[in-house]
Amino acid sequence: MSSDHRFPRRTIAGIVAALVALAGLAACASAPRPASAASPLPARPLNVLDPAPSASAGAAPAACDPRASLRPRGPLPDPRNMPAGSTMAKILQRGRLIVGADQNGYLLGYRDPATGQLAGFDIDIAREIARAIFGDPNAVQFITINASDRIPFIQKGTVDMVVRSFSITCDRLQQIAFSTEYLNASQRVLVNRGSGYQSLADLGGKKVCASRGSTNIPVIQQAPSHPVAVAADNVSDCMVLLQQGQIDAISTDDSILIGMAAQDPNTEIVGGPLSDNPVGIGILKGADDLVRFVNGVLDRIRADGTWTAIYRRSLGQFGAVPAPPAPRYLD
């Protein structure tokens, strides 16, 4: 006796229907998806504040002459012969000067790709201070820091000083000490070539980036054209954002913008000066002997041509070499 092991018709129909459904899903999965209306934005650098928070209102700092510092007392001591008990003697005993510096500011403080070492105008100024203490310009340890770290690192004693495009202001002089001015800078604007923007006045409602913790952010926020200030850890992050099309401009010291424009010829500096930014060396408040010593070093390199040689080597390719800023003293 034979037996017929066939599936009932109802079961076969169900299987066929399931296979058809699966085939339809596979076809949908393999079909190209329509492009979205807006492409996702490129990944941003870390810690970008867009918009930057407004500074909290506080008591206005006492009026001051930000360029005035403590006068050197007599000639500089010979290298490796610092006055007993002085801050310089402690640095000498340690065996190295510790300096907060930048590694992202082309021509000022940057990592030279050919050597892997820090180079630039600020770096060479710091090396002259090491030379004055040790007789060796290489007796210096650089700690690379963000703009917002400058004052905390000085106050905590993490560094002996900061040589990092550090604008002297009356507010900052309430927190730390400064040397005399060793470089003059003015805040200006960097934009993409062909953008049509000619100054900060053209950037109303547009995004303009600067370093977090810099004096540049309030200048952007207080501009009559009402641009939107964006803060980044480093101004090099601002350049990334500009190249990605996520911001419209960068506004910081022209000494920094010169290097950025040199790195990216698709950008240009526009508009006149927005502020006057004397640049000094940040030092712990109360370390008066170190301030006077550093000012003595700056006096020496102004007088003997070293400052001019450093400027010509780092920034001289972009125009005439200026005279070094004349010092002003409180006493």
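Determine which member of the set Ala89, Ala13, Ala52, Ala18 is outside any loop (DSSP other than H, G, I, E, B), surrounded by 10 or more Cβ atoms within 10 Å (Cβ to Cβ), on the phi < 0 side of the Ramachandran plot and modelled with pLDDT of 60 or more. Show your work before the answer.
Values: Ala13 fails: modelled with pLDDT of 60 or more; Ala52 fails: outside any loop (DSSP other than H, G, I, E, B); Ala18 fails: modelled with pLDDT of 60 or more.
On inspection, the qualifying residue turns out to be Ala89.
For region 110-135, which positions are of a type outside the set (A, V, I, L, M, F, W, C) and either touching a Lys or Arg at 6+ places or on another chain (Cβ under 9 Å) or surrounded by 15 or more Cβ atoms within 10 Å (Cβ to Cβ) (or both)?
Tyr110, Arg111, Gln117, Gly120, Asp122, Asp124, Arg127, Glu128, Arg131, Gly135
Would region 72-83 turn up any residue that is more than 19 Å from Asn216 (Cβ to Cβ), open to solvent by less than 60 Å² (accessible area, probe 1.4 Å) and aliphatic (A, V, I, L, M)?
Scanning region 72-83, I find at least one residue that is more than 19 Å from Asn216 (Cβ to Cβ), open to solvent by less than 60 Å² (accessible area, probe 1.4 Å) and aliphatic (A, V, I, L, M), so the answer is yes.
Applying the selection to region 205-229, what residues are open to solvent by 40 Å² or more (accessible area, probe 1.4 Å) and assigned to a loop (DSSP other than H, G, I, E, B)?
Gly205, Lys206, Arg212, Gly213, Gln222, Pro224, His226
Looking only at region 142-182, count how many residues are open to solvent by 20 Å² or more (accessible area, probe 1.4 Å) and β-branched (Val, Ile, Thr).
So the count comes out to 5.
Looking only at region 248-270, count every residue that is touching a helix residue (DSSP H, G or I) at 6+ places or on another chain (Cβ under 6 Å) and open to solvent by less than 10 Å² (accessible area, probe 1.4 Å) and tell me the total.
4
What is the one condition in (1) over 30 Å from Arg193 (Cα atoms); (2) at pLDDT below 95 that Gly319 does not satisfy?
(1) is the only condition that Gly319 fails.
Quick check on region 233-241. Is at least one of its residues open to solvent by less than 10 Å² (accessible area, probe 1.4 Å) and not in a helix (DSSP H, G or I)?
No, because not a single residue in region 233-241 is open to solvent by less than 10 Å² (accessible area, probe 1.4 Å) and not in a helix (DSSP H, G or I).
Using beta carbons and a limit of 7 Å, which pairs, at least six apart or on different chains, have the first residue in region 160-179 and closer than 13 Å to Ala68 by Cα and the second one buried (at least 19 other Cβ atoms within 10 Å of the Cβ) and among the acidic types (Asp, Glu)?
Ile168/Glu181
Tell me which of these Thr308 doesn't satisfy, since it passes every other one: (1) more than 30 Å from Ser54 (Cβ to Cβ); (2) surrounded by fewer than 18 Cβ atoms within 10 Å (Cβ to Cβ); (3) touching a residue at least 40 places away in the same chain (Cβ under 8 Å); (4) of a type outside the set (Asp, Glu).
The one condition Thr308 does not meet is (3).
The values are calculated or read from the model by the stated rules, or taken from the named source; none is laboratory data. In this text the structure is predicted, and so the values were computed from the model without any measurement. Note that we place each Cβ from the backbone using ideal geometry, even for glycine, and neighbour counts take in every protein chain shown. These accessible areas exclude ligands, DNA and RNA; they are computed on the full protein's heavy atoms, side chains included. Shrake-Rupley method; radii C 1.70, N 1.55, O 1.52, S 1.80 Å.
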